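The values are calculated or read from the model by the stated rules, or taken from the named source; none is laboratory data. Bear in mind the structure is a predicted one, so any value in this text is a computation, not a measurement. Here the Cβ is made from the backbone with ideal geometry for all residues, glycine too, and neighbour counts use every protein chain on show.
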Amino acid sequence: MSAPETSPPAHSSASGYRNVFGPAILVLSGMQLLMVLDGTVAALALPRIRDALQLSEAGSNWIISSYVLAFGGLMLLGGRLGDTFGRKRMFVIGVAAFTVTSLLCGLAWNEPSLIIGRALQGASAAIAAPTAMALVATTFAPGKQRSQAFAIYAAMTGIGSVAGLIFGGLLTQVSWRLVFLINVPIGLMVALGAGAVLRESQGERLSLDIKGAVLGTLGCTLLVLAVNEGPSAGWDSPLVIGSFVLGGLALIAFILVERRASNPILPFVLFDNSSRVAALVAIFFASMIMMCMAVFISLYLQGILKYSPVQSGLAVVPFAFGLGIAAAIASKLALRYQPRWLVLCGGTIILIGCLYASSIATTNPSYFPSIYLPVVIIGFGVGFAVIPLTLSVVAGVAPTEIGPLTALAQVAQNLGGAIGLVVVGALVTSRALSLGGTTGPVEDMNPTQLAAQANGYGLAFACCAGIAIISTVVVLFMRFTPEEVAEGQAAQQSADAGLEPDADQPQA
């Protein structure tokens, strides 16, 4: 069943490990940067895409949701593919597929072609992302070098978010197609570079739970389809009712398959710890807030206030700075105070920012302070809440359990974002229609319809406030101590450094 690692076991320079500041880390972190950029600029370009392709509110949601559902639903399977067929091989395949599907998105001629392209793009990312993280561990020597490599890899998330807001706005200003087409030359360089500088490695060969991955992704997609189409097609339409029924059946089948699978893609043993379940559920809800804020702020600024894409991107850059400052503070406080109290504080801050944003949505606010303040406040609250939640997922576990748990947290994050966007989007559409709005492009709306749409976006921000309340209630059931968080951080460092787990290390 298992095959030995083909990466060098020794730690010396002669073993084949790479210099942390060499081309290998550029290739691996380049793909991470590419995926973060893609997610950021897609939300920023959504108003232009919506107008160009004459998309409805439901169609707009699918541009984001199709990518995130495929990415989150297939990520665990993507990691298994790397272990089974070789991480370098699957990484190159994933990057190449991401490049080709980015080209398809950039050349999309109508709504279905773009949605299909985005779904295929998400599936490609689900192969490339987990294999990239595994390759960081096998390419660089255990200890300081590997820790530095992981730090560089992680830094691409922050850099990509800010860069996406700035350069994504510039690209969108020229053409929304460029936000996808720019991936093509970058993806080609990453794929060719990976083939040239990375060495093959292979983990334990486990049977592939393809049936479980397909059923789980299909079930979530059908339920999202039902919620997304409900406001426009009617909640009693055959499409909506059929999607609800089939989606529920698919998820029931998924649970049955996972309980019987020899190597389930979602081991239920990971849910034995109720505090960890609470952390994962809270991450799910927190991701709803982040996705909804990213999309609806962009739609509001460009559609209602008539900001250009560049102005819209620059307007939300303070969000990233607020998040970064809060994250640095929260990561230190989590070692002194129970994480749930920090998450409660962060959730309260988010609640205040979202309520304020919802109160000004129907007016014509100036950027400072009316827009700037809620953007910074919500960013700070998100950073203050999400970091303790992330640390809680791996609190008190052994290094061998770090990988599955962090992967599960990423799945919760992606699926939460997709489902939240569609659910809140359905409420936005229903509110706008009830006030005399329309599902057509914003540029074709008259003043009354624009006012109705602005009211709908106000409801979106109010929904984010409600989700923040739900998240804070969930974390009351999270009982991790600062000591357990410290153990999780030590386990994370050991896993990154490639150290053997301590036999006395507490188990999840």
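Pairing each residue of region 172-190 that is within 15 Å of residue 38 (Cα to Cα) and in a helix (DSSP H, G or I) with any residue that is hydroxyl-bearing (Ser, Thr, Tyr) and at pLDDT below 95, provided the two are 6+ apart or on different chains, yields C-beta distances under 7 Å for 179/172. Residues in region 32-47: is at least one of a type outside the set (Phe, Trp, Tyr), under 21 Å from residue 153 (Cα atoms), touching a Ser or Thr at 6+ places or on another chain (Cβ under 8 Å) and surrounded by fewer than 24 Cβ atoms within 10 Å (Cβ to Cβ)? Checked against the condition, which is being of a type outside the set (Phe, Trp, Tyr), under 21 Å from residue 153 (Cα atoms), touching a Ser or Thr at 6+ places or on another chain (Cβ under 8 Å) and surrounded by fewer than 24 Cβ atoms within 10 Å (Cβ to Cβ), region 32-47 yields at least one hit.
Determine whether region 311-324 contains at least one residue that is over 23 Å from the mean Cα position of the chain (by Cα), touching a residue at least 24 places away in the same chain (Cβ under 8 Å) and assigned by TED's automatic domain parsing to the domain that holds residue 443. Checking region 311-324: at least one residue is over 23 Å from the mean Cα position of the chain (by Cα), touching a residue at least 24 places away in the same chain (Cβ under 8 Å) and assigned by TED's automatic domain parsing to the domain that holds residue 443. Just one of the listed residues (280, 249) is over 24 Å from residue 164 (Cα atoms) and either over 24 Å from the mean Cα position of the chain (by Cα) or not in a helix (DSSP H, G or I) (or both), and it is 249.
Annotation: residue 330 fulfils all but one of (1) crowded, with 22+ Cβ neighbours inside 10 Å; (2) out of contact with any Leu (no Cβ under 6 Å at 6 or more places or on another chain); the unmet one is (2). Residue-level analysis places residue 416 among those that are within 28 Å of residue 132 (Cα to Cα) and either among the basic types (Lys, Arg) or in the same structural domain as residue 477 (by TED's automatic domain parsing) (or both). In region 426-444, the residues that are closer than 13 Å to residue 463 by Cα and touching a residue at least 40 places away in the same chain (Cβ under 8 Å) form Cβ pairs under 6 Å with partners that are part of a helix (DSSP H, G or I) and of a type in the set (Gly, Ala, Ser), at six or more places apart or across chains, as follows: 426/230; 428/456; 428/460. Among the candidates 160, 164, the residue that is at pLDDT below 85, farther than 26 Å from residue 195 by Cβ, in a helix (DSSP H, G or I) and outside the structural domain of residue 320 (by TED's automatic domain parsing) is uniquely 164.
Does residue 213 count as at pLDDT 90 or above, outside any loop (DSSP other than H, G, I, E, B) and crowded, with 19+ Cβ neighbours inside 10 Å? In short, no. If you go through region 252-270 and pick out every residue that is surrounded by 14 or more Cβ atoms within 10 Å (Cβ to Cβ), aliphatic (A, V, I, L, M) and assigned to a helix (DSSP H, G or I), you end up with 4. When the residues of region 471-508 are filtered to those that are among the β-branched types (Val, Ile, Thr) and surrounded by fewer than 16 Cβ atoms within 10 Å (Cβ to Cβ), the one that is modelled with the highest pLDDT is 473.
Let's see how each residue does on (1) outside the structural domain of residue 222 (by TED's automatic domain parsing); (2) of a type in the set (A, V, I, L, M); (3) over 22 Å from residue 214 (Cβ atoms); (4) not in a helix (DSSP H, G or I):
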site: 101; (1), (2), (3), (4): yes, no, no, no
site: 105; (1), (2), (3), (4): yes, no, yes, no
site: 122; (1), (2), (3), (4): yes, no, no, no
site: 126; (1), (2), (3), (4): yes, yes, no, no
site: 147; (1), (2), (3), (4): yes, no, yes, no
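Could you tell me whether residue 368 is free of Cβ contacts under 8 Å to residues at least 60 places away in the same chain, buried (at least 21 other Cβ atoms within 10 Å of the Cβ) and assigned by TED's automatic domain parsing to the domain that holds residue 442? For residue 368, the condition - free of Cβ contacts under 8 Å to residues at least 60 places away in the same chain, buried (at least 21 other Cβ atoms within 10 Å of the Cβ) and assigned by TED's automatic domain parsing to the domain that holds residue 442 - is not met.
A quick yes/no check of all residues on (1) under 17 Å from residue 26 (Cβ atoms); (2) modelled with pLDDT under 90; (3) surrounded by 22 or more Cβ atoms within 10 Å (Cβ to Cβ):
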{"site": "185", "(1), (2), (3)": "yes, no, no"}
{"site": "189", "(1), (2), (3)": "yes, no, no"}
{"site": "192", "(1), (2), (3)": "yes, no, no"}
{"site": "195", "(1), (2), (3)": "yes, no, no"}
{"site": "199", "(1), (2), (3)": "yes, yes, no"}
{"site": "203", "(1), (2), (3)": "no, yes, yes"}
{"site": "207", "(1), (2), (3)": "no, yes, no"}
{"site": "230", "(1), (2), (3)": "no, yes, yes"}
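Does residue 362 meet the test of being in a loop (DSSP other than H, G, I, E, B) and not hydrophobic (A, V, I, L, M, F, W, C)? Spelling it out, residue 362 is indeed in a loop (DSSP other than H, G, I, E, B) and not hydrophobic (A, V, I, L, M, F, W, C). If you take the residues of region 404-462 that are touching a Leu at 6+ places or on another chain (Cβ under 8 Å) and of a type in the set (S, T, N, Q), which of them is modelled with the lowest pLDDT? Filtering region 404-462 for residues that are touching a Leu at 6+ places or on another chain (Cβ under 8 Å) and of a type in the set (S, T, N, Q), the one modelled with the lowest pLDDT comes out as 439.
Just so you know, in region 272-318 the residues that are among the β-branched types (Val, Ile, Thr) and farther than 30 Å from residue 338 by Cβ include one that is surrounded by the fewest Cβ atoms within 10 Å (Cβ to Cβ), and it is 317.
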